[in-house]
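The structure under discussion appears below in the form of structure tokens.
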Amino acid sequence: MGDLPPLSATDRARLSAQVDDFLKGPYDDDDATDLLDAIIATGVPGAARPAARIERSEPIPEPDWAADHVPAPMPIQPDNSSALFGGSGSVHLPHINPANRAAEPEPAETPQWQWKSPEPPPLNVPEDVADIAPVIDDPVPAPTIQPPSAAPAPTQRPDVPKASGKLTRYWTKARQWWSALSRRGKIVVCMVAALTLVIGQQISHSQSGQHDSPSVDGPAPTVVTQTAEATGPTERELQPGCPPGSAAGCLPVTASSCSGGSSDPSLAFGTDPSQAWICARAHGIDLEQITILFPRPVVVTDVFVIPGYAFVEDNGLDRWLEHRIATAINWRIGGQQFWQDIPSNAKQGATKKIPAVATQIITATVMKSAPPPGSGGEGPFGGGLGAPDKTKVNDSIAISRIKVLGYPAGGS
């Protein structure tokens, strides 16, 4: 290489600034290359700048229709009056005159990308279209409405005599009133008239006491003397039982408020006089309750009770003295309550009349009880020498017999 020309002060300052920028790095490959090229161009006057690297990609294929629409190249003008400048010279945008646009011919054929509506089919109009008229059926005549003043007067039936003037005025007013009523009002008037007629007929029948029965020819009726007296249903003893279709294990007679050591309450409805319903008193109080079911509805007329244990053994032991006597029972029958007071010495039983109450279940509650008179056991030996123990008498009540009298509901 020959001797390099000396650098001017401006080139030295520019070179120093470029070196400082390069040392500030880091840079990527392209920026570092461009900066080194600038340093060489400044430090070595007249050195050729390397050509710019242009990376080309694969050409993009153009669609077929693009060949018909290649834009014309823009002319490069020699002067520098354009606002767009290239590497050499300037580029002018083509000036389009609106007047010349109208004069340009239309393209010979429609481009493939432009849609065009199809031509409509030709319309064939017959030559005698003016002679064709629509077919009209026989027209329906419009109803003629007469004014109220022109309405025809009602005609008089030939078989009805002509009414007086006063009656005619009433008849005319009634027709006008009826015509002025709405459809609903007419229906209401007809219903009221029919109801009035029916009520009038019922009243006339009840007052006369006669029926519209046709007369029958025959002999005169004879007077029959009623010899047999009419009798009501026959009272009987009603036996408890579970209703049909009851669940398994149903008990027709049950007792509550009875503690351990009590007997079956159904013994009060048996026929063995040696058996009785014995209910152990809880905490020394009453309110023992027995519930009685019937297989079907019945009408109750009487209830009969033998309080206490009314039975004497063969050896002379009187069971009457072993338990308390029920002296007041509240019967609940058919939603009604009936109170029965029973003497404490009623060994033969007591009856309570019931005013024919229909029911299928009866509940009896012992409201009061008392020890039997002369129960004994007052000595120091308690129940010794065959006498009942006084301390055991108040532990329970006894009822020997319960009878419910009446008849099945709806029958005899």
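The values are calculated or read from the model by the stated rules, or taken from the named source; none is laboratory data. A quick note: this is a predicted structure, and the numbers were derived from the prediction, not measured. Reconstructed Cβ throughout: ideal geometry from the backbone, glycine too, with neighbour counts over all protein chains shown.
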Next item on the list: Count, please, the residues in segment 334-356 that happen to be under 57 Å from the mean Cα position of the chain (by Cα), outside any strand (DSSP E or B) and farther than 18 Å from ALA276 by Cα.
Entry: 2
Check: Which of (1) under 23 Å from SER256 (Cα atoms); (2) modelled with pLDDT under 95 does LEU385 not meet, given it meets every other one?
Finding: (1)
Note to self: For ALA255, only one of the following conditions fails: (1) touching a helix residue (DSSP H, G or I) at 6+ places or on another chain (Cβ under 7 Å); (2) in a loop (DSSP other than H, G, I, E, B). What is its number?
What the structure shows: (2)
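Tell me, please, whether a residue that is modelled with pLDDT under 75 and part of a helix (DSSP H, G or I) can be found in segment 30-38. I'd like the intermediate steps shown before the answer.
Let us first name the residues in segment 30-38 that are modelled with pLDDT under 75, namely none.
For segment 30-38, residues modelled with pLDDT under 75 and part of a helix (DSSP H, G or I): absent.
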Item checked: Members of segment 308-333 that are assigned to a loop (DSSP other than H, G, I, E, B) and either in contact with a Lys or Arg (Cβ under 8 Å, 6 or more places away or on another chain) or modelled with pLDDT of 95 or more (or both) -> TYR309, ALA310, PHE311, GLU313, GLU322
Checklist line | Identity of the residue in segment 156-176, surrounded by 11 or more Cβ atoms within 10 Å (Cβ to Cβ) and at pLDDT 55 or above, that ends up nearest to the chain's Cα centre (by Cα) | finding: ARG175
Note to self: Can you go through ILE187, ILE292, ILE278 and tell me which one is surrounded by 10 or more Cβ atoms within 10 Å (Cβ to Cβ), among the β-branched types (Val, Ile, Thr), modelled with pLDDT of 85 or more and within 47 Å of the chain's Cα centre (by Cα)?
What the structure shows: ILE292
Check: Is it fair to say THR363 is within 19 Å of GLU235 (Cβ to Cβ), assigned to a strand (DSSP E or B) and either in contact (Cβ under 8 Å) with a residue 12 or more places away in the chain or within 46 Å of the chain's Cα centre (by Cα) (or both)?
Finding: no
Item checked: Qualifying residues in segment 303-340 (those that are of a type in the set (D, E, K, R) and in contact with an Asp or Glu (Cβ under 9 Å, 6 or more places away or on another chain)) - the one surrounded by the fewest Cβ atoms within 10 Å (Cβ to Cβ) -> ARG319
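Residue check: is LEU287 more than 23 Å from MET367 (Cβ to Cβ), among the hydrophobic types (A, V, I, L, M, F, W, C), surrounded by fewer than 18 Cβ atoms within 10 Å (Cβ to Cβ) and assigned by TED's automatic domain parsing to the domain that holds SER369?
On the way: more than 23 Å from MET367 (Cβ to Cβ): no; among the hydrophobic types (A, V, I, L, M, F, W, C): yes; surrounded by fewer than 18 Cβ atoms within 10 Å (Cβ to Cβ): yes; assigned by TED's automatic domain parsing to the domain that holds SER369: yes.
Judged against the criteria, LEU287 is not a match.
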